[in-house]
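What follows is a short report on a single structure.
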Amino acid sequence: MDCGTCETTPTIELNVPDEVDVNLTMTDKATAMLSEAFGDDRSHALLVGVLSGGCSGYMYDLQIVESTETPCQELNVKGYRVLVPRASSHLLDGIEIDYVDRLMGGGFKISNPNASASCGCGESFA
Amino acid sequence: MFRHEAYILLLEGKEVLQFIDGLSTNLVNGRCTTIFTQANAKIIDVCEILPLGENVAIIGYRPYKDALIHHLKPRILERQITIRDITTLNHVFVGPIPDELPEGSTRLENFMGGMAVIPQRYQIEQTWDETRWNEYRINNLIPYHGAEITPKVHPFACGLDALVHINKGCYVGQEILTRMRSRGKTGKTLVRKGNPVSNPTTMGVNESLCIERTQ
């Protein structure tokens, strides 16, 4: 198979959506859970990202990080640093992060006005 | 071997296999065949995945290329992945592949009996015409793009059950395919029938392929 000259073939242009200034809210329950996770340490941040995949094409990705190489918008939500990757900003504007206290299916839940569909477990959306 | 109307995309970047794995039906952790499906489990394209060093080639059916690119592009997000169209650099043939191929060629095993990707600099002609290719497919119950493999069907309907991994986690279309499999209700299936048949997907001399509703 010949791909030795592939540098001469043009790349397919990706239509990157415009970055939007993300508006993000967190319920009191979610804030309380973050408080437990962070304690008094404010050096860390909550990274709210989106990955491709999942039943509906996109998956939420929540991480507690000190820093990231991914270009992000940095928000201050109720005193907590929240990072949102710029490339995913159009998918995350307007979301609300909640925490559901259940033995099965519990954890952080995201309500997203940009999602036209989501899968049963709530981790994936379209 | 029969000339395949193929496209070849070269994906360059980090974790390309993982990216493809999250969007298709088979377990993608190396060389394999996999199916990209819509959320309703209808086929976008059935593709060969071929790792090439740091990069990964996706070989699919040319009329379905735009649909696949449309499916992949918005999901790249912050991944550092670029896509190049290297279709014009190679010939692609399917069916039984001769033992000897020109230098620089790649031989792949797949559900079509085989695939050869041969650099464009060689003048290579197909050895089978469409009639012979279709007879071979009918005899071996092999679905083909444009005939059985279309955007109107799901993988089970065109006999590609083996390309839907049984234990794999979430991907687009997975909920529907898993439910169909677990309940034993795949709706339609690929069959070979003696002529004459109504609504064949591939008409042969004595037998044909059809997609029929299961009982």
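Derivation of every value follows stated rules applied to the coordinates shown; laboratory data play no part. Predicted model, so just to flag it, every value in this text is computed and none were measured. We place every Cβ from the backbone using ideal geometry, glycine too, and count neighbours over all the protein chains shown.
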Helix-only mean residue ellipticity at 222 nm, chain B, DSSP H runs n ≥ 4 weighted -39,500 (n - 2.57), per residue, nearest 500. What is it?
-4500 deg cm²/dmol
May I ask for the net charge around B:Arg3, where only other residues with Cβ less than 15 Å from the Cβ of B:Arg3 are counted and Lys, Arg are +1 while Asp, Glu are -1?
-1
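Counting other Cβ atoms within 10 Å, keep those with at most 16, restrict to DSSP loop, and tell me which GluC sites (Glu not before Pro) in the range B:98-173 are left. Please report the intermediate quantities before stating the final value.
Values: sites: B:Glu100, B:Glu103, B:Glu109, B:Glu125, B:Glu130, B:Glu135, B:Glu148; in loops: B:Glu100, B:Glu103, B:Glu109, B:Glu125, B:Glu148.
Passing sites in the range B:98-173 are B:Glu100, B:Glu103, B:Glu109, B:Glu125.
Please report the relative contact order for the range B:130-213, taking Cα pairs under 8 Å with a sequence separation of at least 6, and give it as a percent rounded to a whole number.
Numbers: 99 pairs, mean separation 28.4, N = 84.
Rounded, it is 34 percent for the range B:130-213.
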Give B:Lys42/B:Lys73; B:Lys65/B:Lys168; B:Lys14/B:Lys185; B:Lys168/B:Lys193 a once-over and call out the pairs whose C-alpha atoms are over 28 Å from each other.
B:Lys14/B:Lys185; B:Lys168/B:Lys193
Listed with the fewest Cβ neighbours within 10 Å leading, A:Val20, B:Val117 appear as A:Val20, B:Val117
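Count neighbours as other Cβ atoms within 10 Å of each site's Cβ, and list the GluC sites (Glu not before Pro) in the range A:1-94 that are DSSP loop with at most 14 such neighbours. The partial results should precede the final answer.
Values: sites: A:Glu7, A:Glu13, A:Glu19, A:Glu36, A:Glu66, A:Glu69, A:Glu74; in loops: A:Glu13, A:Glu19, A:Glu66, A:Glu69.
Hits after loop and neighbour filter: A:Glu13, A:Glu66, A:Glu69.
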Candidate lysines - alpha carbon under 29 Å from A:Lys29, same-chain residues fewer than 8 apart omitted:
A:Lys78, A:Lys109
Placing +1 on the Cβ of each Lys and Arg and -1 on the Cβ of each Asp and Glu in the range B:2-88, which of B:Gln80, B:Asn29, B:Val46 has its Cα farthest towards the positive end of the resulting dipole?
B:Val46
Roughly how big is the protein assembly as shown's charge dipole about its Cα centre, with Cβ charges of +1 (Lys, Arg) and -1 (Asp, Glu), in debye to the nearest 20?
1340
So, relative contact order of the range A:18-125 in percent, Cα under 8 Å, 6 or more apart, is 34
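Mind checking the mean number of beta-carbon atoms from other chains within 10 Å of the Cβ atoms in B:157-166?
Values: counts 0, 0, 0, 0, 0, 0, 0, 0, 0, 0.
Neighbouring Cβ atoms belonging to other protein chains average 0 per residue here.
Evaluate the charge dipole of the range A:18-125 about its Cα centre and quote only its size in Debye, nearest 20, assuming +1 on the Cβ of each Lys and Arg and -1 on the Cβ of each Asp and Glu.
240
Around B:Ile97, what is the net charge, scoring Lys/Arg as +1 and Asp/Glu as -1 over all other residues with Cβ under 12 Å from its Cβ?
Values: positive: B:Arg107; negative: B:Asp99, B:Glu100, B:Glu109.
Combined, the nearby Lys, Arg, Asp and Glu give -2.
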Would you work out which of A:Gly94, A:Pro71, A:Ser43 lies farthest towards the positive end of the dipole of the range A:18-125? Charges go on Cβ: Lys and Arg +1, Asp and Glu -1.
A:Gly94
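Where Lys and Arg each count +1 and Asp and Glu each count -1, what net charge lies around B:Gly204 among other residues with Cβ under 12 Å from its Cβ?
Details: positive: B:Arg132, B:Arg137, B:Arg192, B:Lys193; negative: B:Glu130, B:Glu135, B:Glu207.
Residues close to B:Gly204 contribute a combined charge of +1.
Got the relative contact order for the range B:2-88 handy, in percent, Cα pairs under 8 Å and 6 or more residues apart? Numbers along the way, then the final one.
Details: 154 pairs, mean separation 33.3, N = 87.
Reported as a whole number, the value is 38 percent.
So how do A:Cys72, B:Cys158 line up by other beta-carbon neighbours within 10 Å, fewest first? If you can, show how the numbers build up before the last one.
Values: A:Cys72 23, B:Cys158 26.
Ordered by Cβ neighbours within 10 Å, fewest first: A:Cys72, B:Cys158.
Arrange the following residues from fewest to most other Cβ atoms within 10 Å of their Cβ: A:Ser56, B:Ser105, A:Ser116. It would help to have the intermediate numbers written out before the result.
Working: A:Ser56 22, B:Ser105 19, A:Ser116 9.
If I rank by nearby Cβ atoms, fewest first, I get A:Ser116, B:Ser105, A:Ser56.
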Take the alpha carbon gyration tensor of the range A:18-125, find the square roots of its eigenvalues, order them as a ≥ b ≥ c, and report rounded if a/c is under 1.5; if not, report prolate when a/b exceeds b/c, else oblate.
oblate
What is the calculated FRET efficiency for B:Asn140 to A:Glu69, with r their C-beta to C-beta distance and R₀ = 41 Å, to the nearest 0.05?
0.25
